[in-house]
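Derivation of every value follows stated rules applied to the coordinates shown; laboratory data play no part. From a predicted model like this one, the values you see are computed outputs, not experimental measurements. Neighbour counts run over all protein chains shown; Cβ positions are idealised from the backbone, glycine included.
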Amino acid sequence: MIFNNFTFLIFASVLLLTATLGYGQQANVNLDYNPQKDTEGLIPFSARVNSPEVHDDQTVTFRLMAPDAQKVELHPGAINTALGKGRDPIPFTKGDDGLWTLTIGPLPPDMYAYHVRVDDVQMADPNNTQAAFTAMPPYSQLIVHGDGPAYYDAKNVPHGNVTRHIYHSDVTHGERELYVYTPPGYNSSKEYPVLYLVGGSGELPSNWMYDGRANFIMDNLLAEGKAKPMIIAIPNNQVIHRNHPEHAELTFDIFEKELRNNVIPVVDENYSTITSPKGRAISGLSMGGRHSMFIGFRSLDLFANFGILSAGDTDAETSLKDFLTDSKVNDKVDYLFVGQGTKEAEGFFNARVQGLVDALNNHDIVHDYYVGGNGGHDWSTWRHLLYYRFLPNLWKDLNN
């Protein structure tokens, strides 16, 4: 009898240990590459059902318990782009028990932002623990896994640190935030180049970490020997309400002043940086790409390196005249990257990018133009551009 009780205790302990170490769907125990694969049949904490559930064939099942709803849809966005389904919402099917379900795919392994719509009310998936918070209403993340960690996932490599700085701005008259990534082995006795990386309309600095995975991308590139160590400073480029009627007229001057008066001084005072233009780069996506272009191109006293992601200007010949007609611009600029996603190049956003590229070509300004990835105007594209082209080519001519 004692033997049997002992055996039972051992067996129970093994079961408990297995449950503790297992990877349940959205358990959030580790930084898993496949957090939405259901391996234990457990529902996420505080959720009613598993949603989304990602299968190994890259199909995805969404679920929503809404017995009184008349209509449930997947709001059009990055998932539609990947599936080639245009801009129409994708309907769920209602079961007799009030459970609405939708299975789609297969989807290319990637991270996709999405909303659900219940009777035309847009919301984040109430069962998904992977959520993103921006300067817009929150949305959910779908993480479709491949056979192992992707280039943007946390891997077992040396990791850099991310520090959140809070500072007072005499430009916006309030307290603001700034995220700074320092590479693994950061040494204050050595000077590092700095990339100032900014977001798009509605993005906050943290989105370059949680959606863009910039820190993991940089960690992985350094571990693979594909990039130079650098500091990445991510300021908030929301400097005026995005729906302000004069946003387009005011935002560039305000953000340039914020960079000069506050952001760059905070970084240079707290970190060991190269303070010449050759040691600084500015890059951004969408609106941030336009900030990088309109502010950066007129600030060659600050920056000699540029990454314009999914941005440009249809009338670049006029708006960038001073930069384009500067006879010494190729001597002042070390690296100028312009990039967009494959699906972007086929659609609406291409006109601005092409306007910039055409203007650069017309004036023989050296630049690196690249179209790649499977995404449209979304984070799939911006992660791809960072990893596959921009960061590996940054600072190639810098001796430090």
Magnitude of the Cβ-charge dipole (Lys and Arg +1, Asp and Glu -1) of segment 233-340 about the Cα centre, nearest 20 debye, reported as 220
Quick shape check on segment 161-393: root eigenvalues a ≥ b ≥ c of the Cα gyration tensor, a/c under 1.5 is rounded, otherwise prolate if a/b tops b/c, else oblate, and it reads rounded
re segment 23-144: pairs of Cα atoms spaced beyond 26 Å account for a percent value of 14
The summed charge of the residue 305 Cβ neighbourhood (under 9 Å; Lys/Arg +1, Asp/Glu -1) stands at +1
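What trypsin sites (Lys or Arg not before Pro) does segment 54-92 have in DSSP loop regions with at most 15 other beta carbons within 10 Å? Numbers along the way, then the final one.
Numbers: sites: 63, 71, 85, 87; in loops: 71, 85, 87.
Here the sparse-neighbourhood loop sites are 71, 85, 87.
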Rounded to the nearest 10 degrees, the helix 247-258 long axis (Cα) sits at an angle to the longest Cα principal axis of the chain of 80
In whole angstrom, the spacing between the Cα centers of segment 78-101 and segment 321-362 equals 37
Contour minus Cα-Cα span, residue 330 to residue 101, at 0.36 nm per residue, comes to 76.9 nm
If unit charges are put on Cβ atoms (+1 for Lys and Arg, -1 for Asp and Glu) and the dipole of the chain is taken about its Cα centre, the option from 360, 138, 265 lying farthest towards the positive end turns out to be 265
Percent relative contact order for segment 161-393, counting Cα pairs under 8 Å at least six residues apart, stands at 18
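Taking loop as defined by DSSP and a crowding limit of 11 other beta carbons within 10 Å, which trypsin sites (Lys or Arg not before Pro) in segment 173-238 fit?
190
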In Å, the Kirkwood hydrodynamic radius from C-alpha pairs for the chain sits at 22.9
One point scatterer per Cα, no solvent, Debye formula: log10 I(q)/I(0) for segment 138-262 at q = 0.10, 0.11 Å⁻¹ comes out as -0.39, -0.47
In Å³ per residue, the alpha-carbon convex hull of segment 177-240 encloses 88
Over 25 Å (Cα to Cα) among 155/343; 155/228; 190/228; 190/257 -> 155/343; 190/257
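Assigning unit charges at the beta carbon (Lys, Arg +1; Asp, Glu -1) and nothing else, what dipole magnitude in debye, to the nearest 20, does the chain show about its Cα centre?
Details: 30 positive and 47 negative charges, 114 e Å.
In debye, rounded to 20, the chain gives about 540.
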Under the rule rounded for a/c under 1.5, else prolate if a/b exceeds b/c, else oblate, using alpha carbon gyration tensor axes a ≥ b ≥ c, segment 224-362 is classed as rounded
Pseudo-spin-label distance residue 164 to residue 248, built 7 Å along Cα→Cβ, given in nm, is 3.4
Taking Cα atoms only, helix 350-362 is inclined relative to the longest principal axis of the chain by an angle, in degrees rounded to 10, of 30
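Which semi-axis lengths, in whole Å and largest first, follow from the square roots of five times the eigenvalues of the Cα gyration tensor of segment 113-185?
In descending order, the three semi-axes are 29, 26, 7 Å.
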